[in-house]
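Trainee: Have a look at this one.
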Amino acid sequence: MKGRAGPHPLDVPLPHDLRAAAGRASRDVALQQFVGGATLHKDRGRRETCRRAFGERYDALRRHAGAIKQHTLDHLDAYLERFIARARESGAIVHAAATAAQANEVCLAVARRHGCRLCVKSKSMVTEETGLLAALETAGVETVETDLGEFILQLDGDAPSHIVTPMIHKDRAAVGRAFARELGVAYTDDPRRLTMIAREHLREKYRRADLGVSGGNFLVADTGSVVLCTNEGNGRFCTGVPRVHVAMVGIEKLVPSMEHLTVFLKLLARSGTAQPLTVYTQVITGPRRPDEDDGPDEVHIILVDNGRTGLLRAESRELLRCIRCGACLNACPVYRTIGGHAYGSVYSGPIGAVITPALRGLRDFAALPHASSLCGACFEACPVHIDIPRHLTRLRAQIVEQRIAGWRERAGMRLWGLALRTAWTYRLAAWAQRLVLRRLARRVGRRSRDSARADAAHRPGAWIHAGPGPLRAWTQERDFPAPAARSFRQWWARERGHARAPRRDIPGQRGTPA
Amino acid sequence: MTRPTAPRSDDGCAALLARVRAALGRDTPPRLPDPPPPDDALLRLARPGDASAALFVERAREVGMEAETVEPALAAGRVVGVLREAGVRRVALHDDAEDHAPGLARELAAAGILAVERGGPAGPRALFDADAGVTGVLAGVAESGTLVCVSGPGLSRGASLVPPLHVALVRESRIVPDLLDLWPLVRRSPGAAAASSLTLITGPSKTADIEGVLVTGVHGPGRVRVLVVTGS
């Protein structure tokens with residue numbers, strides 16, 4: 001099956017123009033409804049499920065899970081070595097690929113050697129990363145995505161926009177149209193009937209397929225096993241029916257033992273979809289044994305680097321803890337507004353904003369670390385305790401240090417730094433800023449666009465709606481508030497006597513924001 | 001079965017290990033310290049004292065399976081009753097089903113329900129003709145309502161996956177309280193520790209990909225009937 005012609009949503013020109021992509025997304029009301037509604041629902045489900053299961057223990061558990069992953073990454077060489085040895089003992093054939101192209105080439109070589117014609121594939125982020133589907137199709141191996149969401153995206157020539165729920169940006173009518181057009185069935189938008197149409201279509205593919213491709217949620221070092229977590233069961237078909245199974249897995253997926261696997265199984269589905277476990281958790285250890293009725297004759301495991309050893313440096317190592325549960329996407333106010341495609345990469349949301357620049361180059365994806373208000377919701381949602389906001393600010397600093405940021409931004413930041421150095425420069429800067437902004441507000445200010453606002457904010461000149469120079473980037477999207485008539489410092493000096501008097505907290509009274 | 005050994009000198013593994021070591025800032029493999037042990041106090045969600053069978057049935061229902069308990073002498077009859085109710089004519093049968101429900105083969109034959117051919121030239125594809133899969137399971141996990149299936153001789157992977165109905169027989173004595181308690185049992189069970197496939201099943205096959213609407217039976221069975229055989 002060939003996807004529809006047209007540009008692939010993630011085939012973005014580089015450097016990636018996040019501002020333009022986010023602008024398009026924020027004008028797409030339907031997209032915002034689907035993504036906003038679905039993510040809010042998932043975020044609430046995660047909170048409730050985790051609280052019900054773990055209660056007060058939850059935060060300590062996240063740290064514990066993070067510590068186990070961190071230990072595994074700190075000794076990744078030893079665990080990889082053990083995994084490779086045990087997987088070989090079980091009869092699997094292990095390969096390692098340095099790049100996406102190499103990983104695809106290994107898979108194609110396996111397909112060629114067995115003369116494979118039809119491949120059934122289960123959902124896998126790493127194969128999205130390497131573009132395996134296109135590589136197989138180009139080599140003449142018909143390849144079918146079997147996860148329902150991915151199947152629909154393939155019919156539509158579209159790309160996933162969420163790690164766990166790939167077609168979160170589409171509604172039932174779009175699915176109905178795609179099925180009518182591509183599968184020649186009568187139009188329906190009933191989710192149950194659409195699902196059953198896909199079931200019948202894919203059963204025929206499973207029956208005939210001679211190659212199954214999967215990713216892997218975990219690799220168990222002690223046993224050499226690949227662990228797959230799915231709800232639909234397509235992963236079990238892909239790894240059980242065809243005579244050859246190829247699992248393409250990132251090197252960061254290792255856990256020491258089955259007992260350690262339990263820690264992550266207890267967190268993964270609860271964080272991703274508010275389930276205790278995914279419906280199917282399959283532990284695959286080598287090919288079928290000679291006395292078994294089914295299972296593949298050959299199992300290949302391709303360990304994929306593709307930039308991951310670059311992230312293994314001490315400063316970014318904890319990012320490799322990620323178990324791809326998608327909780328940070330659902331929790332993120334920016335992701336909820338712009339959806340996944342705007343990030344211009346397979347990995348979107350907060351975790352995408354930190355790993356995409358690391359995997360694909362900070363210069364091309366310099367806007368991503370800014371796609372966050374640093375509110376910390378992602379950190380709070382992460383089941384393996386990755387401090388995503390810290391990495392966002394770290395990357396922002398690198399953007400300035402490596403002179404990726406424009407000279408205006410750097411000059412502005414330098415001035416800001418100078419202003420903050422001493423009290424008098426700060427006062428001077430604040431005075432100058434108020435002077436300029438208030439003058440500007442008198443010239444181009446206007447009432448609030450929101451008539452329901454309080455009187456003070458509603459008066460003419462309270463908002464600047466067309467700022468010059470660097471302020472334009474802000475006022476293009478929203479109004480900028482004009483400074484109050486009195487600054488906080490002036491107010492403080494009058495209310496509390498002298499501003500330089502020793503600080504005392506006055507019980508029962510709180511400061512007023514300037 | 002062919003099992004060609006791939007050339008190992010150029011499979012990329014040595015180069016990968018070298019890159020990983022360089023990134024970690026060392027030349028030689030370190031002595032591997034013990035990993036932090038999983039913390040039982042943080043992880044455990046069901047204790048050994050918990051009434052396992054009752055909890056298992058309750059949780060299995062919560063995740064969308066139809067679960068009930070049955071006495072050993074009545075188990076085979078109940079399986080056939082469930083199959084008849086669903087209009088089943090051909091089943092994919094695991095060898096261990098008979099051990100869980102003595103007399104099952106006889107009752108199936110009496111009811112005119114046939115077992116699909118196994119291990120024939122059609123391989124796993126013969127399972128596509130079955131209306132139901134009937135299997136024993138290695139264990140049940142009470143806390144999550146999970147069935148634990150392992151592959152092996154006479155225990156096909158597909159019986160619990162390909163037909164639209166899965167009837168699973170669980171011995172009460174094989175219900176563990178928590179997933180943490182499963183692995184010691186797996187290691188004790190002959191064949192299970194080295195099985196090519198071990199599957200935890202927690203509910204019927206399901207998807208919510210289209211607008212978040214839950215639909216069961218997307219690829220695997222839409223119905224899972226669980227019979228807990230008491231006192232066995």
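Trainee: Quick one: in the stretch B:196-216, which of the residues that are at the interface with chain A (Cβ under 7 Å from one of its Cβ atoms) and among the small types (Gly, Ala, Ser) is farthest from the chain's Cα centre (by Cα)?
Mentor: Within the stretch B:196-216, the match that is farthest from the chain's Cα centre (by Cα) is B:Gly212.
Trainee: Among the residues that make up the stretch A:49-65, is at least one of them assigned to a helix (DSSP H, G or I), modelled with pLDDT of 90 or more, in contact with a Ser or Thr (Cβ under 6 Å, 6 or more places away or on another chain) and on the phi < 0 side of the Ramachandran plot?
Mentor: no
Trainee: Could I ask something else about it? Looking at the stretch A:236-277, which of its residues are closer than 26 Å to B:Thr207 by Cβ, hydroxyl-bearing (Ser, Thr, Tyr) and more than 7 Å from chain B (Cβ to nearest Cβ)?
Mentor: A:Thr239, A:Ser271, A:Thr273, listed by residue number.
Trainee: Does the stretch A:323-338 include one or more residues that are surrounded by fewer than 24 Cβ atoms within 10 Å (Cβ to Cβ), at the interface with chain B (Cβ under 9 Å from one of its Cβ atoms) and either at negative phi or not in a strand (DSSP E or B) (or both)?
Mentor: no
Trainee: Still on this structure, please answer the following. So is B:Ala195 in contact with a strand residue (DSSP E or B) (Cβ under 8 Å, 6 or more places away or on another chain), in a loop (DSSP other than H, G, I, E, B), buried (at least 19 other Cβ atoms within 10 Å of the Cβ) and among the small types (Gly, Ala, Ser) or not?
Mentor: Numbers: in contact with a strand residue (DSSP E or B) (Cβ under 8 Å, 6 or more places away or on another chain): yes; in a loop (DSSP other than H, G, I, E, B): yes; buried (at least 19 other Cβ atoms within 10 Å of the Cβ): yes; among the small types (Gly, Ala, Ser): yes.
It is true that B:Ala195 is in contact with a strand residue (DSSP E or B) (Cβ under 8 Å, 6 or more places away or on another chain), in a loop (DSSP other than H, G, I, E, B), buried (at least 19 other Cβ atoms within 10 Å of the Cβ) and among the small types (Gly, Ala, Ser).
Trainee: If you check A:Thr393, A:Thr425, which single one turns out to be among the polar types (S, T, N, Q), surrounded by fewer than 19 Cβ atoms within 10 Å (Cβ to Cβ), in a helix (DSSP H, G or I) and at pLDDT below 95?
Mentor: Selected residue: A:Thr425, the only one of A:Thr393, A:Thr425 that is among the polar types (S, T, N, Q), surrounded by fewer than 19 Cβ atoms within 10 Å (Cβ to Cβ), in a helix (DSSP H, G or I) and at pLDDT below 95.
Trainee: Turning to a different aspect of this structure: I need the helices (runs of 4 or more DSSP H) fully contained in the stretch B:1-112, keeping only those with at least 1 residues that are in contact (Cβ under 8 Å) with a residue 60 or more places away in the chain and more than 8 Å from every other protein chain (Cβ to nearest Cβ).
Mentor: Passing ranges, in order: B:40-43, B:52-62, B:72-85, B:97-100.
Trainee: Oh, and also: If I filter the stretch B:165-189 down to residues being touching a strand residue (DSSP E or B) at 6+ places or on another chain (Cβ under 6 Å) and basic (Lys, Arg), which single residue comes out as farthest from B:Ala101 (Cα to Cα)?
Mentor: B:Arg174
Residue-by-condition table, conditions (1) surrounded by fewer than 16 Cβ atoms within 10 Å (Cβ to Cβ); (2) touching a Leu at 6+ places or on another chain (Cβ under 8 Å):
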position: A:Cys116; (1), (2): no, yes
position: A:Leu132; (1), (2): no, no
position: A:Thr146; (1), (2): no, yes
position: A:Pro160; (1), (2): no, yes
position: A:Ala173; (1), (2): yes, no
position: A:Arg177; (1), (2): yes, no
position: A:Tyr187; (1), (2): yes, no
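Trainee: Can I ask one more? Has the stretch A:126-141 got any residue that is in contact (Cβ under 8 Å) with a residue 12 or more places away in the chain, part of a loop (DSSP other than H, G, I, E, B) and within 10 Å of another protein chain (Cβ to nearest Cβ)?
Mentor: No, that holds for no residue.
Trainee: Shifting gears a bit: If you go through the stretch A:209-221 one residue at a time, do you hit one that is touching a Pro at 6+ places or on another chain (Cβ under 8 Å), farther than 29 Å from B:His94 by Cα and either crowded, with 24+ Cβ neighbours inside 10 Å or more than 7 Å from chain B (Cβ to nearest Cβ) (or both)?
Mentor: There is at least one residue in the stretch A:209-221 that is touching a Pro at 6+ places or on another chain (Cβ under 8 Å), farther than 29 Å from B:His94 by Cα and either crowded, with 24+ Cβ neighbours inside 10 Å or more than 7 Å from chain B (Cβ to nearest Cβ) (or both).
The values are calculated or read from the model by the stated rules, or taken from the named source; none is laboratory data. Keep in mind that what you see is a predicted model, and the values were worked out from it rather than measured. A quick note on method: Cβ atoms are made from the backbone with ideal geometry, for glycine too, and the neighbour counts reach across all protein chains shown.
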